[in-house]
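Student: Could you have a look at this structure, given as structure tokens, before my questions?
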Amino acid sequence: MPVVVNKYLIGKRFAGIALWPFIVVKNDRLKDDKAFINHEKIHLRQQIELLILPFYFFYIVEYFVRLLQYKNSQDAYRNISFEREAYEREEELMYLTHRKLWSFIKYL
């Protein structure tokens, strides 16, 4: 899981993104933020489970469903099942060692 620093690949409102097989961060200091990197590693695992491309499709579809539901882009983003799992578990650095397959479904 290579971590790449590139401020141009990420939108203004985000600090990083998991783009299989990379974690792209906006600045170098984020590489040392263990919870942040763990959050992105959880996304990489989700991407593997959904065979990568379907992950992005479902992510976007769920975002628009949540946008209709919450009528606020930040609330929509925070309530995507993939994000809910990653935010809830990002501080648990050993989470991926015992995480069950398709665990994001619990967050739908």
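Derivation of every value follows stated rules applied to the coordinates shown; laboratory data play no part. Just so it is clear, the structure is predicted and the values come from calculations on it, not from any experiment. Virtual Cβ from ideal backbone geometry, glycine too; neighbours counted across all protein chains shown.
Student: Looking only at the stretch 77-102, which residues are touching a residue at least 12 places away in the same chain (Cβ under 8 Å), over 14 Å from the mean Cα position of the chain (by Cα) and in a helix (DSSP H, G or I)?
Tutor: Tyr95
Student: Does Glu91 meet the test of being closer than 21 Å to Leu108 by Cβ, among the acidic types (Asp, Glu) and out of contact with any Leu (no Cβ under 8 Å at 6 or more places or on another chain)?
Tutor: For Glu91, the condition - closer than 21 Å to Leu108 by Cβ, among the acidic types (Asp, Glu) and out of contact with any Leu (no Cβ under 8 Å at 6 or more places or on another chain) - is not met.
Student: In the list Ile37, Ile48, Ile105, which residue meets the criterion of being touching a strand residue (DSSP E or B) at 6+ places or on another chain (Cβ under 8 Å) and in a helix (DSSP H, G or I)?
Tutor: That would be Ile37, the only listed residue that is touching a strand residue (DSSP E or B) at 6+ places or on another chain (Cβ under 8 Å) and in a helix (DSSP H, G or I).
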